[in-house]
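**Q** Below is a structure I'd like to ask you about.
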Amino acid sequence: MWTLPRTRFAHCNGSSSSDEKEIAVNIGGVRLVLCGDILNRYPDSRLAELVNCSTRSFDVISSLCDDYDPGKREFYFDRDPDSFKCIVEVYYFGEIHMKRGICPICFIKEMEFWKIDLSYLDECCKSNLTEKEEELAEIADKVKLILDDLDCDPNVSRTERWQKFLWKLMEKPESSLPARVIAVVSFLFILVSSVVMCLGTIPDLQVEDSEGNRVEHPTLDAIETACIGWFTVEYVLRLASSPNKVRFALSFMNMIDFLAVLPFYVVLVLTYLGTAMMELVNVQQAVQALRIMRIARIFKLARHSSGLQTLTYALKRSFKELGLLLMYMGVGIFVFSALGYTMEQSHPETLFRSIPQSFWWAIITMTTVGYGDIYPKTTLGRCNAAISFLCGVIAIALPIHPIINNFVIYYNKQKVLETAAKHELELMELRALELAVRNSSRRSDAPGNAWEGAMRASRSDTYIPLLSGAHRTEREPVKKKSLT
């Protein structure tokens with residue numbers, strides 16, 4: 001039996017009146033004696049209602065507790081004792097702290113059972129509750145997406161079925177084996193296109209055209225055309241099968257896919273039609289500028305790499321840290337470039353011609369790059385340089401840990417959400433199978449109870465259906481004792 005600090009029992013001094021107001025509760029096998037004066041501080045709570053219960057009828061008491069022993073005057077509750085240890089503190093300290101290791105969602109259910117308002121929960125614990133609710137909402141969204149993919153509504157038309165099939169084939173590699181193959185092929189095309197873009201800039205692999213200009217090798221040009229053809233077909237199929245065309249077109253990753261193929265067709269138009277509208281030199285300059293846009297294809301890898309997606313999310317969550325880094329660097333660059341310019345003015349061969357020109361020196365020094373094209377020549381200038389790169393190292397190192405921490409947290413969270421979503425689907429399949437077996441046994445009146453009992457035994461003891469938001473805990477029912 002565990003107890004609470006008796007120093008708080010200011011009005012429970014062992015008198016007969018106080019003994020009459022004391023109640024004994026048994027929470028999941030853990031017994032505790034509570035003072036009625038303390039419990040009456042919150043008269044709307046369940047424990048206060050037990051203290052103030054004037055009648056001892058079975059119906060009234062059974063509505064407040066699971067069981068009651070009139071000889072011991074002990075109330076029994078089939079609840080979590082660890083959660084109750086935290087909840088009962090509100091009567092003594094006016095607030096509730098949730099201990100580490102307790103599920104926040106289950107803890108809220110316990111507070112609702114004991115009729116304690118959520119406002120008494122401490123702010124630090126409310127933040128944990130909010131995070132857990134967000135995780136459950138994400139799990140529910142994942143489950144809904146999977147169920148939508150598995151749902152085969154017979155009322156939809158053949159066109160809609162084909163559109164949904166094509167969408168899963170092009171957008172969701174985990175849905176089937178052909179979808180995985182298409183995702184792998186798309187990934188290989190991205191790599192080949194990036195390699196070809198790099199190889200096309202090597203002079204030894206270039207050829208001269210009829211006008212003597214260096215152009216890409218015809219073989220590399222053919223490979224590039226094949227890659228662009230694949231990207232175009234992939235984008236058109238995904239756009240045609242998308243449930244929401246506007247949302248698809250305005251998505252960031254889809255805009256990258258569009259920009260990856262756009263330069264090829266613009267260059268094609270300028271090459272064959274641009275000479276009639278502008279000079280050949282201007283056309284060639286425009287073609288070279290558009291070819292640089294092909295580097296956007298490398299960002300298509302983010303669609304097939306969960307690691308790049310996690311890194312992008314970590315950077316989005318670290319805008320504050322990145323802002324601090326830029327602020328530190330900006331202040332340091334301004335200060336040390338101004339000091340360097342001032343200290344190097346006395347040297348006749350100074351390389352610091354102006355403060356804006358000194359910005360470049362401050363940037364490469366604070367980032368510890370040091371190209372050597374501009375450097376101090378005076379003693380004070382060298383001391384300033386030493387201090388500047390030390391400050392630069394510190395300024396860069398300070399925000400790195402929060403950024404890495406955000407990356408690790410998000411990566412681990414995604415793994416947990418995927419596992420939880422799969423577990424939720426397994427539970428739903430198990431419950432659906434059990435329901436089917438029960439219905440079939442009822443219709444046939446055949447001996448199917450053994451199989452049904454086995455299915456019930458294999459079911460998890462605790463199940464939280466995320467889609468409905470309800471909470472159910474399966475326990476052995478408490479046997480009611482007679483009050484006579």
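Each reported figure results from applying straightforward, stated rules to the coordinates on display, with no laboratory input. Since we're looking at a predicted model, the values are computed, not measured. In this analysis, Cβ positions are derived from the backbone assuming ideal geometry, glycine residues included, and neighbour counts consider all displayed protein chains.
**Q** Using the basic label-point model (7 angstrom from Cα toward the beta carbon), what is the V207 to I394 distance in nanometres?
**A** 6.1 nm
**Q** Another question, if that's okay. May I ask you to compute the full-extension gain from F113 to I256, defined as 0.36 nm times their residue separation minus their alpha-carbon distance, rounded to one decimal in nm?
**A** Working: separation 143, 0.36 × 143 = 51.48 nm, distance 5.18 nm.
Additional length available on full extension: 46.3 nm.
**Q** Would you mind checking segment 383-414 for residues with the amide N under 15 Å from a putative spin-label position 7 Å along Cα→C-beta of Q357?
**A** none
**Q** Follow-up question, since we're still on this one. Per residue of segment 328-339, in order, report the coupling 6.51 cos²θ - 1.76 cosθ + 1.60 (Karplus, θ = phi - 60°) as ³J(HN,Hα) in whole Hz, putting x for Gly and Pro.
**A** 4, 5, x, 5, x, 5, 5, 5, 6, 5, 5, 5
**Q** Show me the ranking of peptides 315-324, 220-229 by mean Cβ neighbours inside 10 Å, starting with the highest. Intermediate results must be reported in sequence, preceding the final value.
**A** Numbers: 315-324: 13.8, 220-229: 16.4.
Top of the packing list down: 220-229, 315-324.
**Q** Looking only at segment 225-255, which residues have a backbone nitrogen under 17 Å from a spot 7 Å from the Cα of V269 in the C-beta direction?
**A** Residues passing the 17 Å test: 232.
**Q** Could you sort out which of K172/K320; K72/K109; K132/K415; K245/K300 sit more than 26 Å apart by Cα distance in this structure?
**A** Working: K172/K320 33 Å; K72/K109 28 Å; K132/K415 15 Å; K245/K300 19 Å.
With Cα atoms farther than 26 Å apart: K172/K320; K72/K109.
**Q** Would you kindly derive the ³J(HN,Hα) couplings of segment 196-204 from the backbone phi angles with the Karplus curve 6.51 cos²θ - 1.76 cosθ + 1.60 (θ = phi - 60°), listing them in order in whole Hz, with x for Gly and Pro?
**A** For segment 196-204, the Karplus-derived couplings read 5, 4, 6, 5, x, 8, 6, x, 5 Hz, x marking Gly and Pro.
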